[in-house]
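Here's the structure, in structure tokens; my notes come after.
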Amino acid sequence: MVTNTKEVKGKDICVQRVSPEEKRELAYKDDVCVGCGICAKICPTEAIELGEIGAIERTGVDESKISIDEAKCVLCGMCSSACPVDALDLKLDEKSIKDMAEYPQLIKSAEISDDLCIYCKACETACPRDAITIARILPERSKLVTGEIEIDKDTCISCGICEEMCPADAIEMEHHEPTSSDPTVSSDITVNKDKCVYCLICRKSCPVDAIKAVCRSCSYGDYDLNPEDSETTGSSFIDEEACVNCGWCQEICPVDAATVEKAFEGELILNQEKCEACGACVDICPCNVLSFPEEEFGVQGDKLQADERFCIYCGACENVCPVEAIEVKRTAVKHTPTKSKSWEKQLSELKT
Amino acid sequence: MTAVELIREGLSQKEVAKILEMDRSTVSHYLNGRNLSWNSIEVAEIITKFCPKDFLTLTYALLNDSEKTRVIVKTCSKKSYEASVEESCIGCGLCVDTCLLNAIVLDDLKARIDSDWCNGCNMCRDVCPTDSIKILEVNNGY
């Protein structure tokens, strides 16, 4: 008889069934799980149970968000296909069913086009899962300005005013204590032309007019500057494991470089009368959809507000709400086609 | 007994020896009635008349070899079966892993049972989490 084995590593769970025919392995990652309970809803053998996610999220109870009964689990993979954040993954002989055409997959994606991206980092800042990294290479400052600067070292009295005033830290003096053999306070003064922006503050502040400087950007406009030199280049990276396809990057991007496709469509219904403003929903929401806006400056409000543009209709907030003040309706579950009637049925039953 | 059946089906002694992984001369001795324990033949006959599940599991337990078990059980089972899988199958593969005769494969998330190999042991039906398997004995006109 083939039987399942379960291995628990920290809060992660792994259920295995090994037969001469094949090895099936279901892996659950707790740090990726958002506590939506969709796995428990779709499981045809009721092997998965959603834990006390409110307590886990708010009081740091040290347990997994879901439990898997290995005696009931048949390793069919429905939980893995339906998980909106890919916290569960079924592998058949080490190959994930997410890479197999016969298994239906949720249609969801997030992409940032490098052709359009201007590397402003708005998405990186807004992403509620810290899934985005923007690596950017800034233009060289010296190529964006043009001018000339010269210090007449014979006139210079080494007072150091220009060095102190320079906003670009472009002037450096070699200070030293005067001695009988060298009765000066500085042996040299240099201007770093890669740093100088020709603002002319040094020239204006020099008490002995030892600095000659001119800014050509001002007098000649941008003629001798190469526009390409002013471009910021870089690359963007989305951590697929952390990304939940919430749409923050798409909404915040000023140049429409981010595109997000969501697997579920639906409606988020808040019942303000029932809500007791405990804030559990705000804490659990993986998409930063919910908030209690300040009523006046510095005073936390108690009216729950939702921005559905960022909602993935996972239902975690509904699960965690102790007073049933939130209802998450799912009206569409988008997935790749499957020939299996039972899979089709189970997936469509995620609609409410 | 398997050897007798296989010879009846028209196989040569050499082929029979190869399938059962036996020495050819041993096969020949058996078939000619030498070195034969009538007692063990009687036991073997009783085993083949067990219910299909017991016949299969006992044979597998004795041989611990799935290929030989398949040949012996299929050769000595006289009944045929018609197996069908309903749409409620979720493609979990439990039946595939359970079937000792390797008669089941998954096809687009649905089990497909090769009725020619099915010996009616019903073990797949028993493990199926969704009760999707139906196995019927085919009336051969007896």
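The values are calculated or read from the model by the stated rules, or taken from the named source; none is laboratory data. Please read all numbers here as calculations on a predicted model, not as lab measurements. Here the Cβ is made from the backbone with ideal geometry for all residues, glycine too, and neighbour counts use every protein chain on show.
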Looking only at region B:62-104, and only at residues there that are under 30 Å from A:LYS345 (Cα atoms) and of a type in the set (Gly, Ala, Ser), the one that is farthest from the other protein chains (Cβ to nearest Cβ): B:ALA83
Check on B:ASP107, within 9 Å of chain A (Cβ to nearest Cβ), closer than 16 Å to A:LYS339 by Cβ and free of Cβ contacts under 8 Å to residues at least 40 places away in the same chain: yes
Matching residues, region A:296-309, being more than 16 Å from A:ALA325 (Cβ to Cβ) and in contact with a Pro (Cβ under 8 Å, 6 or more places away or on another chain): none
Enumeration of residues in region A:221-257 that are in a loop (DSSP other than H, G, I, E, B) and charged (D, E, K, R): A:ASP222, A:ASP224, A:GLU231, A:ASP239, A:GLU240, A:GLU241, A:ASP256
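This table checks each residue for (1) surrounded by 21 or more Cβ atoms within 10 Å (Cβ to Cβ); (2) under 30 Å from A:ARG24 (Cα atoms); (3) out of contact with any helix residue (DSSP H, G or I) (no Cβ under 6 Å at 6 or more places or on another chain).
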position: A:PRO44; (1), (2), (3): no, yes, yes
position: A:GLY54; (1), (2), (3): no, no, no
position: A:CYS76; (1), (2), (3): yes, yes, yes
position: A:ALA82; (1), (2), (3): yes, yes, no
position: A:ALA87; (1), (2), (3): yes, yes, yes
position: A:ILE107; (1), (2), (3): no, yes, yes
position: A:LYS121; (1), (2), (3): no, no, yes
The listed residue being surrounded by fewer than 18 Cβ atoms within 10 Å (Cβ to Cβ) and touching a strand residue (DSSP E or B) at 6+ places or on another chain (Cβ under 6 Å), out of A:GLU294, A:GLU261: A:GLU261
Among (1) within 15 Å of A:SER67 (Cβ to Cβ); (2) of a type in the set (D, E, K, R); (3) within 14 Å of chain B (Cβ to nearest Cβ) - the single one A:ARG17 does not satisfy: (1)
Looking only at region A:307-352, and only at residues there that are among the aliphatic types (A, V, I, L, M) and part of a loop (DSSP other than H, G, I, E, B), the one that is nearest to the other protein chains (Cβ to nearest Cβ): A:LEU350
Given (1) surrounded by 21 or more Cβ atoms within 10 Å (Cβ to Cβ); (2) more than 17 Å from A:GLU94 (Cβ to Cβ); (3) within 14 Å of chain B (Cβ to nearest Cβ), number of the condition A:VAL2 does not satisfy: (1)
Within region A:44-150, helices (runs of 4 or more DSSP H) holding 1 or more residues that are within 17 Å of the chain's Cα centre (by Cα) and more than 14 Å from chain B (Cβ to nearest Cβ): A:122-126
Residue list for region A:264-291, restricted to those being surrounded by 14 or more Cβ atoms within 10 Å (Cβ to Cβ) and β-branched (Val, Ile, Thr): A:VAL282, A:ILE284, A:VAL289
Which listed residue, of A:ALA135, A:ALA87, is modelled with pLDDT of 95 or more and more than 21 Å from A:PRO254 (Cβ to Cβ): A:ALA87
Matching residues, region A:68-111, being more than 18 Å from A:ILE38 (Cβ to Cβ) and among the basic types (Lys, Arg): A:LYS91, A:LYS95
Residue that is nearest to the other protein chains (Cβ to nearest Cβ), among those in region A:25-35 that are surrounded by 23 or more Cβ atoms within 10 Å (Cβ to Cβ) and either basic (Lys, Arg) or touching an Asp or Glu at 6+ places or on another chain (Cβ under 9 Å) (or both): A:LEU26
Wholly within region B:47-142, helices (runs of 4 or more DSSP H) carrying at least 2 residues that are in contact with a strand residue (DSSP E or B) (Cβ under 7 Å, 6 or more places away or on another chain): B:94-98, B:123-127
